[in-house]
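Below you'll find the structure, written out as structure tokens, and then a few comments.
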Amino acid sequence: MRQWSVPILFLALLFTAIGVASDNSDIVPSEAYLFDNSAFINANSILMFVTNRGLFGRDIAGHFGYDYGTFYPYYSIAQIENGTEIKSPLYSGGLWMGGKVSGETRVVVAEFGTEFWPGPMNGDTFIADADTVTAYRVYKLYSDSLQGNPNTDFLEWPLTQGAPVDGSGNPLLLGKQTLFSVYNDANPSTHNLPAGSSAPLGIEVRQLTWASESTSRSRIIYLEYRLFNKSMENISDFFVSIFLDPDIGGTQDDLTGCDTLSGIIYSYNATNSDVVYGSAPPAIGVKMTYGPMVSSPGDTAYFFGTRVPGYKNLPISSFISYPNGDDPQSADESYNLMLGLRRNGLPLANGTKFSYPGDPVTGTGDLQTIAGNPHFVGTFGPIDFPAGDSQYVLVKLGIGQGSDRLSSITDLKYILNLPDSLYLDLPDISRTLPEGFALCQNHPNPFNGETVIEFEIIRPNTVELAIFNLLGQKVAAPFAGIPARGLNRISWDAHDFLGKPLPSGIYFYRLSSDEFSLTKKMILLR
């Protein structure tokens, strides 16, 4: 249901021009507004809505009175509200996940609506009243509202939900704005969209969204997903996908393509006479930057802000474009798209897992020729995702702007392929130790099974060496008492208080006493 804020006749004409989808498949009933559907990122020339349920790019609550929720070019909220600058290249986007649990296909989708539930998981299930708890909202940090001028979200930054911090323990700001939310797919009652409707996977997702206003990043938004399998079941053949329904101005004159070497999936206009953007329509796309991490000797992976040797991030595994109205109608059909097949399970006509991998700029290769209102899904996978394990995905959404439709593709690929200065190896979260006390980096690190932690004490002191997970929960305490003077060496076997092995992931070890406290980071890889 759309929320009308100006006379209906005017909006009817306006929506025809700007490209709001008019077909029923793009419209779902408005959800209860207890969910956070009113947050958006507007750090640069793009304003895009971001929810606490895996959906992005759609104004599902009608916050500005429009059904779509991505505005480009964006100059000010006032211009959106008064209708003077409301062009849009995207109707809706969202996160998909799918896998096999004991041979059963399970899928969760966010597309025009969403099957995710807000908040973290409680054990292996969802929190029933999370849709009424404001603590599970989308949090937003601004570069000008930090320690000296903190906003409410800075002061209430949800550390217990896994919100990341910088080296001083303060909320982590990346770029000009950073948004954080946590959600999960464990509520079976929300698995009710035609493209999903399966049993839950039991995945908790912590999403970080950020953007910069620098010249080279002024048309890029970063989307980071930290995934935690909090179910009691191992998931095999697990895939992670990004769904987009691009509407570049008019809704029926778009084409899609992909650059398999760069991992870029995109949509562009079929002509240089778009009803909204005119002779210079932009192109919109996503660079599938870092997929889930798998073992790969000799390589290095990016994982939770850390470089991990001996592993690699999977590249894009498939890209499937399909026309509006041919959307999947079951979990099996959505899973087929993740596999790189048509929704009916048949392979693509070009014999690959990538729709239209040609080059529209040079007019070579496999190109889409029939324009319309396409939807598409780009995917990473497959991997095994054991119970208790964690994974990581990072993508970049960008808008290319050239002098015509094809030069916009060239610009899109250029900005998405620019190297990134991603946050890496944040400084230790610590206070300065008194002279003569020291905590060393564990070794080996990363480790598998056992690691050694060394610390130095120059005078008798009661200390505790404790291990914490990313939620800030103490999971083990390898030492507590009065250690010997000098260098102490403690071995830890990566088991918790109950003697159970802990899952792969990032952990913090803290040496503390009444006089000091020092924390360092380590990585456990099973």
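Bear in mind these aren't lab numbers, they're just calculated from the coordinates by the rules spelled out. Bear in mind the structure is a predicted one, so any value in this text is a computation, not a measurement. Cβ atoms come from the backbone with ideal geometry, glycine included; neighbour counts cover every protein chain shown.
Observations
- A simple charge model with +1 on the Cβ of Lys and Arg, -1 on the Cβ of Asp and Glu and nothing else charged puts the dipole of segment 438-524 at about 80 debye relative to its Cα centre.
- When the Cα positions of Ser421, Leu261, Gln79 are compared along the charge dipole of the chain, Ser421 comes out farthest toward the positive end, with charges on each C-beta of Lys, Arg, Asp and Glu.
- Modelled FRET efficiency - R0 22 Å, Ser216 with Asp299, Cβ distances, 0.05 increments: 0.25
- For the pair Phe508 and Ser143 in one chain, pulling the backbone fully straight at 0.36 nm per residue adds 128.7 nm over the alpha carbon distance.
- With a simple spin-label model that places each label point 7 Å from the Cα along the Cα-to-Cβ direction, the separation between Asn417 and Asp124 comes to 4.6 nm.
- Residues in segment 361-380 that a label on Asp326 would reach, taking backbone N under 20 Å of a point 7 Å out along Cα→Cβ: 365-379
- Evaluated with a Cβ-only charge set (Lys, Arg +1; Asp, Glu -1), segment 8-417 carries a dipole of roughly 860 debye about its Cα centre, given to the nearest 20.
- Ranking Pro282, Gly381, Thr306 by Cα position along the charge dipole of segment 8-417, where only Lys, Arg, Asp and Glu carry charges on their C-beta atoms, puts Thr306 farthest toward the positive end.
- Calculated FRET value between Thr160 and Leu261, using beta carbons and R₀ = 41 Å, to 0.05: 0.50
- Percent of Cα-Cα distances greater than 14 Å, calculated over segment 438-524: 60
- Where a label projected 7 Å from the Cα of Ser279 along Cα→Cβ would reach, residues of segment 254-269 with amide N under 14 Å: none
- Segment 502-511 - phi-based ³J(HN,Hα) in whole Hz, Karplus 6.51/-1.76/1.60, Gly and Pro as x: 7, x, 4, x, 8, 10, 10, 10, 10, 9
- With the convex hull of the Cα atoms taken as the outline of the chain, the averaged projected area works out to 24.9 nm².
- C-alpha long axis of helix 8-18 to longest principal axis of the chain, angle in °: 80
- Cβ-derived FRET efficiency at R0 45 Å, Thr152 paired with Glu450, nearest 0.05: 0.55
- Selection from Gln147, Thr190, Phe49 lying farthest towards where the dipole of the chain points positive, charges on Cβ: Gln147
- Under 20 Å from the Thr410 label point (7 Å along Cα→beta-carbon), backbone N, segment 231-269: 255-269
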